[in-house]
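Student: Following this message is one structure expressed as structure tokens.
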Amino acid sequence: MDIAHRDYLQVTLHTILGVATLLLCVLAELFIFAFRCRTALYLVPMAALLLFNRRFRRRAAAATDDDIGLVDFSCLKPPRRLRLPVAGLLEHLRLIGCFDDGSVEFMAKVIEASGMGNETYFPPSLHYIPPAATHADAVQEARALFFPTLDDLFAKTGVPPSRVGALVVNCSGFCPAPSLAAIIANRYRMRADVRTFNLSGMGCAAGVAGVDVARRLLLTHSGAISYAVVVSAEIVTVGWYSGKDQGKLLLNCYFRTGCSAALLTSSGTAAPVKYRLASLTRTNQIANDRSYRSGYREEDDEGITGFTLGQGVGRMVSELLRAHLVTLSLSILPWRQKLRYVLALLLSSRRRLTGDNNNNKLARTAVPPLPDFREAADHFCLPSSGRPMIWRLGQGLGLGEREMEAALMTFHRFGNQSAASLWYQLAYLEAKGRVRAGDTVWQLGIGSGLKANSLVWERVAGHEDEGERELGPWKDCIHKYPVKGT
């Protein structure tokens with residue numbers, strides 16, 4: 001029997017066992033409910049299901065997440081000449097001639113409410129009057145983002161480009177030929193058998209997807225691939241919208257220049273790692289048409305292309321996150337929190353059933369509880385979508401201002417750099433000296449589709465003394481943060 005057939009049979013057997021266990025638990029719950037047994041007995045089938053799931057996931061992950069480490073990462077700090085203060089940006093918007101007064105006033109209100117500071121960066125092409133959003137300008141921006149970031153990564157890790165066996169580049173809005181991954185491989189003269197992948201159209205969740213691709217390559221080709229690089233960036237030149245549709249102007253308000261690069265390795269190498277991959281979870285609702293159309297790129301009435309946030313996107317994101325967090329909680333929550341959450345969920349279900357019997361509308365519409373994720377992670381990196389959205393998401397997760405600080409300050413200093421923002425937030429936490437050995441960091445990305453992806457890293461290296469390497473893009477400004485009032 002070859003390996004493919006054996007693996008297929010093992011997966012099939014595990015699936016059958018999982019379905020059988022689930023059916024038995026459901027039947028047990030129905031039996032307990034039908035005969036009105038003691039409330040405590042409701043926990044027995046659920047506990048059995050959790051035990052089976054834990055054992056199955058531990059066996060399945062025995063040779064996966066635990067074997068992947070993050071050697072180090074780098075984030076780009078663009079040159080100061082590309083800085084564009086808010087007042088300068090608003091003046092620039094009025095001078096370039098493509099926006100009417102109503103559009104400029106709308107963007108001014110959005111930027112003011114977003115919590116963005118005066119130190120964010122635009123690419124050179126958008127500093128021109130009028131902006132030069134050509135293909136050549138986009139390629140030039142990509143080179144200006146990728147090369148300094150990767151130079152820093154290779155220098156700080158001591159790993160030469162020739163040892164990189166896999167390269168994953170994610171950029172949502174720009175997909176040239178040759179690809180962005182090919183541009184990097186050509187610049188660094190990477191070896192002939194390097195595996196290159198280019199991810200596009202996945203939004204702020206693409207960084208986690210890129211790590212997932214690199215993880216699978218490292219595990220599948222453990223003998224041939226020792227290191228994998230994941231590059232995250234957004235080419236703002238082609239994402240710029242010059243029309244008057246307010247639904248498409250939001251990208252102009254939030255997105256700014258930035259780039260990150262992470263070097264991953266498997267346990268088979270002797271390279272020291274800074275973080276161990278503790279968990280990787282991906283959830284999507286692409287099959288749901290409302291979710292699929294919640295964010296999309298299209299032309300407006302004048303034929304100008306831009307990205308639109310659909311109606312009801314907030315509700316769809318809430319539904320997506322609830323499904324995602326339930327799955328994630330099974331792998332990262334401690335047992336006491338899992339049991340507490342299961343008990344709260346059962347009590348909530350019982351109240352809803354009671355509400356149905358008594359026609360109690362309030363009880364029927366009660367929202368199921370969420371577990372306390374502060375018990376599962378020490379630090380949090382959230383989608384950088386502006387102050388209102390960060391606060392709403394953080395409070396929905398039960399987080400305090402300190403847990404949301406990295407996301408709020410990253411948006412204030414650098415704006416939204418799509419998937420790269422999660423790494424700027426981790427750099428902020430490191431620059432503040434908060435990440436110690438044994439701490440866990442949760443990175444949550446939400447992208448178009450909709451999709452929600454999470455990474456949980458555990459710090460395995462000892463805390464280093466504060467210095468230039470730890471400060472990264474926050475060098476010369478970390479002492480100013482946190483900024484009050486954001």
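Student: Based on what the data block shows, is R297 over 20 Å from L382 (Cα atoms) and touching a strand residue (DSSP E or B) at 6+ places or on another chain (Cβ under 6 Å)?
Tutor: Spelling it out, R297 is indeed over 20 Å from L382 (Cα atoms) and touching a strand residue (DSSP E or B) at 6+ places or on another chain (Cβ under 6 Å).
Student: Being crowded, with 16+ Cβ neighbours inside 10 Å, among the aliphatic types (A, V, I, L, M) and more than 28 Å from L455 (Cβ to Cβ) is the filter here; which residues of region 295-351 pass it?
Tutor: Once the filter is applied, which keeps residues that are crowded, with 16+ Cβ neighbours inside 10 Å, among the aliphatic types (A, V, I, L, M) and more than 28 Å from L455 (Cβ to Cβ), region 295-351 yields only L343.
Student: Name the single residue that is farthest from the chain's Cα centre (by Cα) among those in region 90-120 being part of a helix (DSSP H, G or I) and of a type in the set (G, A, S).
Tutor: Selected residue: G102.
Student: Suppose the filter is open to solvent by 30 Å² or more (accessible area, probe 1.4 Å) and at pLDDT 90 or above; does A278 pass it?
Tutor: yes
Student: Within region 375-401, can you find the residues that are of a type in the set (G, A, S) and either modelled with pLDDT of 85 or more or outside the structural domain of L450 (by the TED database) (or both)?
Tutor: A377, S384, S385, G386, G394, G396, G398, G400
Student: Ok, one more. Mind counting the residues in region 174-208 that are among the small types (G, A, S) and in contact with a Phe, Trp or Tyr (Cβ under 8 Å, 6 or more places away or on another chain)?
Tutor: 3
Student: Out of D356, D372, D289, I need the residue that is out of contact with any His (no Cβ under 6 Å at 6 or more places or on another chain), charged (D, E, K, R) and modelled with pLDDT of 85 or more. Which one? Show your work before the answer.
Tutor: Numbers: D356 fails: modelled with pLDDT of 85 or more; D372 fails: modelled with pLDDT of 85 or more.
Going through D356, D372, D289 in turn, just one is out of contact with any His (no Cβ under 6 Å at 6 or more places or on another chain), charged (D, E, K, R) and modelled with pLDDT of 85 or more: D289.
Student: Run F174 past the list (1) in contact (Cβ under 8 Å) with a residue 24 or more places away in the chain; (2) part of a loop (DSSP other than H, G, I, E, B); (3) open to solvent by 20 Å² or more (accessible area, probe 1.4 Å) and report the number of the one that doesn't hold.
Tutor: (3)
Student: Are any residues in region 216-249 open to solvent by 10 Å² or more (accessible area, probe 1.4 Å), among the β-branched types (V, I, T) and more than 25 Å from S421 (Cβ to Cβ), and if so, which ones?
Tutor: T220
Student: So which residues in region 141-171 are assigned to a loop (DSSP other than H, G, I, E, B) and surrounded by fewer than 16 Cβ atoms within 10 Å (Cβ to Cβ)?
Tutor: Just the residues of region 141-171 that are assigned to a loop (DSSP other than H, G, I, E, B), to begin with: 158-160, 171.
G158, P160, listed by residue number.
Student: I would also like to ask the following. From the list A452, A431, which one is modelled with pLDDT of 90 or more, assigned by the TED database to the domain that holds G386 and touching a strand residue (DSSP E or B) at 6+ places or on another chain (Cβ under 7 Å)?
Tutor: Only one candidate passes the filter, namely A452.
Student: More than 30 Å from I129 (Cβ to Cβ) and either in contact with a helix residue (DSSP H, G or I) (Cβ under 6 Å, 6 or more places away or on another chain) or surrounded by 22 or more Cβ atoms within 10 Å (Cβ to Cβ) (or both): is that true of V208 in this structure?
Tutor: When the stated conditions are applied, V208 passes them.
The values are calculated or read from the model by the stated rules, or taken from the named source; none is laboratory data. All values derive from a computational prediction rather than experimental measurement. Glycine also receives a Cβ, built like all others from the backbone with ideal geometry; neighbour counts cover every protein chain displayed. These area figures cover heavy atoms from the full protein model, side chains too; ligands, DNA and RNA do not enter into them. Shrake-Rupley method; radii C 1.70, N 1.55, O 1.52, S 1.80 Å.
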